[in-house]
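See structure below.
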Amino acid sequence: MITKNRADEVRIVDFLPTRVATLEHRGDPSGLDDTVQKFILWRRQNGLPPAISATFNILYDKLPASDPDDFRFGLCAATDGEIAANELGVVERTIPGGKCAVLRHVGSEAGLGETIYCLYAQWLPDSGAELRDYPVFFQRVSFGPNVPANEAITDVFLPLK
């Protein structure tokens, strides 16, 4: 149950186009941890730890997806370098620039749904803004194992026209 309307905390930003190395998870969300481990391995192999390369996630589908096999989730690391062909399936993509509503989430991933709900259901209807044709995405500002789950910081971006 959503108990706190945080719509007054939403900021509007001009997000710059960001080139990212991306590994897409496709299929049942229960397998996402395996995809995360592959992405961590790729980042280590390519010298792109979170301390020097911003971490993003693209939420193509809401959870729970109507069919878990159709679920898609992008794991991304900002990079200016070339993405060489690799066995792990990491490819080059760009998170497009443009106006976004941003709401900061502090705490574990379990509460991200409330933050997303606040953007879509509490802030958007009264904002006069229109959604752009790009999914909601996250920037992981700080996360485990560097900080405890309850202190993790994630900025949630809602792309707008």
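The values are calculated or read from the model by the stated rules, or taken from the named source; none is laboratory data. Just so it is clear, the structure is predicted and the values come from calculations on it, not from any experiment. With ideal geometry, Cβ positions are generated from the backbone for all residues, glycine too; neighbour counts draw on all protein chains shown.
For the stretch 47-56, check the following and say yes or no: at least one residue is of a type in the set (A, V, I, L, M, F, W, C) and either part of a helix (DSSP H, G or I) or closer than 24 Å to residue 160 by Cα (or both).
Yes.
Looking at (1) more than 16 Å from residue 17 (Cα to Cα); (2) of a type outside the set (A, V, I, L, M, F, W, C); (3) touching a strand residue (DSSP E or B) at 6+ places or on another chain (Cβ under 9 Å), which is the one condition that is false for residue 133?
(1)
Looking for something outside any strand (DSSP E or B), on the phi < 0 side of the Ramachandran plot and among the aromatic types (Phe, Trp, Tyr) - is there at least one such residue anywhere in the stretch 68-81? Write out each step before concluding.
Of the stretch 68-81, the ones outside any strand (DSSP E or B) are 68-71, 79-81.
From what is left, the residues that are on the phi < 0 side of the Ramachandran plot are 68-71, 79-81.
Those still in the list that are among the aromatic types (Phe, Trp, Tyr) too: 71.
Yes, because at least one residue in the stretch 68-81 is outside any strand (DSSP E or B), on the phi < 0 side of the Ramachandran plot and among the aromatic types (Phe, Trp, Tyr).
With respect to residue 85, determine if the residue is among the aliphatic types (A, V, I, L, M), loosely packed, with under 13 Cβ neighbours inside 10 Å, closer than 21 Å to residue 28 by Cβ and free of Cβ contacts under 8 Å to residues at least 40 places away in the same chain.
Against the criterion (among the aliphatic types (A, V, I, L, M), loosely packed, with under 13 Cβ neighbours inside 10 Å, closer than 21 Å to residue 28 by Cβ and free of Cβ contacts under 8 Å to residues at least 40 places away in the same chain), residue 85 does not qualify.
List pairs: first residue in the stretch 1-30 and part of a loop (DSSP other than H, G, I, E, B) and exposed (fewer than 13 other Cβ atoms within 10 Å of the Cβ), second residue among the hydrophobic types (A, V, I, L, M, F, W, C) and at pLDDT 95 or above anywhere in the structure, Cβ distance under 8 angstrom, at least six positions apart or on different chains.
17/95
Could you check the stretch 97-106 and list, in sequence order, the residues that are exposed (fewer than 14 other Cβ atoms within 10 Å of the Cβ) and modelled with pLDDT of 95 or more?
Answer for the stretch 97-106, where residues must be exposed (fewer than 14 other Cβ atoms within 10 Å of the Cβ) and modelled with pLDDT of 95 or more: just 97.
Looking at the stretch 107-148, which of the residues that are loosely packed, with under 13 Cβ neighbours inside 10 Å and among the small types (Gly, Ala, Ser) is modelled with the lowest pLDDT?
Ranking the candidates gives 144 first.
So that you can scan it fast, the table gives a plain yes or no per residue for (1) in a loop (DSSP other than H, G, I, E, B); (2) of a type outside the set (S, T, N, Q); (3) farther than 23 Å from residue 54 by Cβ:
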residue	(1), (2), (3)
94	no, no, no
103	no, yes, no
115	no, no, no
120	no, yes, yes
129	yes, yes, yes
135	yes, yes, no
139	no, no, no
145	yes, yes, no
